[in-house]
Amino acid sequence: MKFKALPYILLICSVVLIALFFMLTPTYLTANGDMNHFEDNDYSFDLPNTWTVYEYNDAIKTPFLSSSPSSIILNPTSKKIYNDNEAAISQLENSSDVINTSATNVTDVYIIKAEISKFDKLPNGVSFEEAYKSDSIYGVMEGSGQFNLESSEPVTISGKNAMRFNYNVGSTSYRDTWVESNGHYYRFFGQCPSGISSDVFGVFDTIENSWKIK
């Protein structure tokens with residue numbers, strides 16, 4: 001009888017251990033009314049509940065994700081929340097930047113997302129005041145003849161020195177913010193079609209204004 005019961009005991013123990021594993025996993029993303037709150041070992045911020053943090057919103061994947069990731073991706077829960085902007089869609093349909101096919105709707109190919117990354121240093125020859133030039137494709141963007149730096153300003157984020165850059169390349173608008181923290185750098189990099197930049201940049205402002213670096 002003892003040997004017959006052993007598999008059942010092992011099964012029960014396995015279920016209990018798995019349950020404890022998920023129960024003890026940190027909750028990185030929590031809902032708070034019409035806002036979501038993200039927090040890991042490095043920083044925290046708020047974002048509208050129409051946006052989420054890729055993979056950290058998946059309860060199955062969360063236990064296996066880093067509590068101090070080198071980067072995270074933020075994106076809308078659905079692009080449809082921006083599809084009502086006829087001006088943006090019209091702009092994309094007439095833009096040479098968008099390659100459309102008979103099987104692809106223009107609203108399926110435009111990009112709305114942001115990424116927070118951390119770096120130990122800036123590339124050689126790039127100053128903090130021109131940190132946007134550290135982007136791996138800056139040379140391509142600048143060489144396209146469509147790069148337009150709209151604004152460059154020093155700001156304070158989480159009580160730390162930061163530089164915020166807004167620029168356009170063709171029909172795409174970018175927010176590129178760098179924060180200096182204890183000899184390291186955090187970068188917030190977001191992009192969207194220029195036709196809806198006023199709406200999407202409002203989300204970027206919400207994230208940056210609530211960003212707390214530990």
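No value in this document is a laboratory result; all are computed from the given coordinates. What you are looking at is a predicted structure, and each value in this text was computed from that prediction instead of being measured. Because the Cβ atoms are built from the backbone with ideal geometry, glycine has one as well, and the counts that use them run over all protein chains shown.
Taking packing as the residue-averaged number of other Cβ atoms within 10 angstrom, the listed peptides 42-51, 122-131 run from highest to lowest as 42-51, 122-131.
Per residue, the convex hull around the alpha carbon atoms of the range 166-214 comes to 61 Å³.
Our coupling estimate for the range 114-126, obtained by passing each phi through the Karplus curve with A = 6.51, B = -1.76, C = 1.60 and θ = phi - 60°, is 9, 9, 10, 10, 10, 9, 7, 7, 8, x, 4, x, 10 Hz, Gly and Pro reported as x. On full extension, the segment bounded by Ser70 and Asp199 gains 43.7 nm, given 0.36 nm per residue less the C-alpha separation. Model label points for Ser152 and Ser127, set 7 angstrom from Cα along the Cα-to-Cβ axis, are 0.8 nm apart.
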